[in-house]
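Written below as C-alpha cells is the structure these notes are about.
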Amino acid sequence: MKVVLLAGGFGSRISEESQFKPKPMIEIGGMPILWHIMKEYAYYGYTEFIICAGYRQEYIKEWFANYFLHNSDVTFDFRNNKNEMTVHQSNLEPWKVTVVDTGYNTMTGGRIKRIQKYVGDEPFLMTYGDGVCDVEIDKLVEFHKSHGKMATLTAVKIAQEKGILDIDGDNAVRSFREKNMSDSAPINAGYMVLESKIFDLLVGDDTVFEKAPLSMLAERGELMSYLHEGFWQCMDNVREKNLLEKLLAENKAPWKKWTRQVPNLQYKSNL
C-alpha cells in the first residue's frame, strides 16, 4: 500500500517557522517532522510515499532532491578540468517518494483527489504531515481489512487541561477534580486506511475531506474508527514543537522506533 501525506497547508499557527518553509518541513531533532512520519510507516514496511504539497512546494522537492547527497560520503574531483563525483557510502532509506504540487489554496479533499492517478485502484494509507504517533500500523491495516468498510481512521483521546466542576443550583461548587482521558471525546488523529472508492466522494479543489466526505461515509456506515490509546501529538504551535524536541532529546519519543540516531540538538523549552 502507498502512503499519502498531506503537506500543503500554510501552518499559520506556527508562523515563526512556517513563513520560511511548509509546516511538515519544520524540524524536530534536526529532521523534518514529515521525515519522522515517513520513518514510522517505513518501520512497518510501507516505503512508497505520495506527498500532497502546496504552500512552498518547491522546498519539499528540493529537500528530497538533496537528500541523497546530504546522506552520502562523496568525493568531488575538479582536477584537470573535470567535474566528477564519487559516492563512497550512503545512508539512505529504500523509499520511493512522489511529491505532487496539489495547488496553493486547495482543500484537503481536493489535494487527495489530485493524487488519484498516483494511487490507482488500490487501498492506501493517509495521514497529516504535522503529527506523530506510535500506533501499530500493521494492526491498523489488519483491523481495516477485517471490517470491509471504505475507511478507517485512528481515533485518540487527548488529556484536557481544564478541571471538572460539580455545580449545584445555587452556583456552589460541590466538587472539583482534574479532567482525565475518560472525559474526552475521541478525535480524528489521521493515520487512515482508505479504499480507492473514496475518490468518488471528492468533487474538486474546494472539498474539505473532514466535512462532507467523512460525514457521508459515517451516514452510510462506511467509516470505522481504530481507537489508539498510546501516544499521539500534533505540532500546531511552538509549545508543541518544543515538547516533541524535549521527548527526542531525552530519548523518550514514543514514535521513534527506528535505530538511526537523531541529532541531540539544543532546544528552547517554553513548557
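The values are calculated or read from the model by the stated rules, or taken from the named source; none is laboratory data. What you are looking at is a predicted structure, and each value in this text was computed from that prediction instead of being measured. Heads up, the Cβs are rebuilt from the backbone with ideal geometry, glycines too, and the neighbour counts pull from every protein chain shown.
Scan the stretch 98-137 for residues that are at pLDDT 95 or above and either in a helix (DSSP H, G or I) or polar (S, T, N, Q) (or both) and the total you get is 16. Residue pairs whose Cβ atoms lie under 6 Å apart, sitting 6 or more positions apart in sequence or on different chains, and linking a residue in the stretch 36-61 that is touching a residue at least 60 places away in the same chain (Cβ under 8 Å) to a partner that is surrounded by fewer than 19 Cβ atoms within 10 Å (Cβ to Cβ) and basic (K, R), are Y43/K257. Residues in the stretch 45-94 that are within 22 Å of T108 (Cα to Cα) and acidic (D, E): E48, E58.
Restricting attention to the stretch 62-77, the residues being without any contact (Cβ under 8 Å) to a residue 12 or more places away in the chain and not in a helix (DSSP H, G or I) number 3.
The test for being modelled with pLDDT of 95 or more, within 20 Å of G109 (Cβ to Cβ) and surrounded by 16 or more Cβ atoms within 10 Å (Cβ to Cβ) holds for L201. So, in the stretch 39-71, how many residues would count as being surrounded by 15 or more Cβ atoms within 10 Å (Cβ to Cβ) and of a type in the set (S, T, N, Q)? Number of matching residues: 2. For the stretch 191-207, a tally of residues being part of a helix (DSSP H, G or I) and either touching a Ser or Thr at 6+ places or on another chain (Cβ under 9 Å) or under 22 Å from C133 (Cα atoms) (or both) returns 1.
Of all the criteria given as (1) over 21 Å from R56 (Cα atoms); (2) surrounded by 11 or more Cβ atoms within 10 Å (Cβ to Cβ); (3) modelled with pLDDT of 95 or more, the one not satisfied by S90 is (3). Residue pairs whose Cβ atoms lie under 7 Å apart, separated by 6 or more positions or on different chains, with the first residue in the stretch 232-253 and in a loop (DSSP other than H, G, I, E, B) and the second surrounded by fewer than 16 Cβ atoms within 10 Å (Cβ to Cβ), are D236/R13; N237/R13. State yes or no: is D130 of a type in the set (D, E) and buried (at least 20 other Cβ atoms within 10 Å of the Cβ)? So D130 fits the description; yes.
Total residues in the stretch 47-87 satisfying the condition of being over 32 Å from the mean Cα position of the chain (by Cα), on the phi < 0 side of the Ramachandran plot and either at pLDDT 95 or above or among the polar types (S, T, N, Q) (or both): the figure is 3. List the residue pairs whose Cβ atoms are under 8 Å apart, where the first residue sits in the stretch 117-129 and is in contact (Cβ under 8 Å) with a residue 12 or more places away in the chain, the second is in a helix (DSSP H, G or I) and basic (K, R), and the two are 6 or more positions apart or on different chains. What qualifies is G129/K23. The residues of the stretch 85-106 that are of a type outside the set (D, E, K, R), in contact with a Lys or Arg (Cβ under 9 Å, 6 or more places away or on another chain) and more than 30 Å from T75 (Cβ to Cβ), listed by number, are T98, V100, T102, G103, T106. Among the residues of the stretch 208-231, the ones that are within 21 Å of L125 (Cβ to Cβ) and part of a helix (DSSP H, G or I) come to 5 in all. Just one residue in the set E40, E93 is assigned to a loop (DSSP other than H, G, I, E, B) and of a type outside the set (A, V, I, L, M, F, W, C); that residue is E93. Scanning the stretch 112-142 for residues that are of a type in the set (F, W, Y) and under 12 Å from the mean Cα position of the chain (by Cα) yields a total of 1. Please indicate, with yes or no, whether at least one residue in the stretch 95-108 is touching a Leu at 6+ places or on another chain (Cβ under 9 Å), buried (at least 20 other Cβ atoms within 10 Å of the Cβ), under 27 Å from E240 (Cβ atoms) and aliphatic (A, V, I, L, M). No, the stretch 95-108 contains no residue that is touching a Leu at 6+ places or on another chain (Cβ under 9 Å), buried (at least 20 other Cβ atoms within 10 Å of the Cβ), under 27 Å from E240 (Cβ atoms) and aliphatic (A, V, I, L, M).
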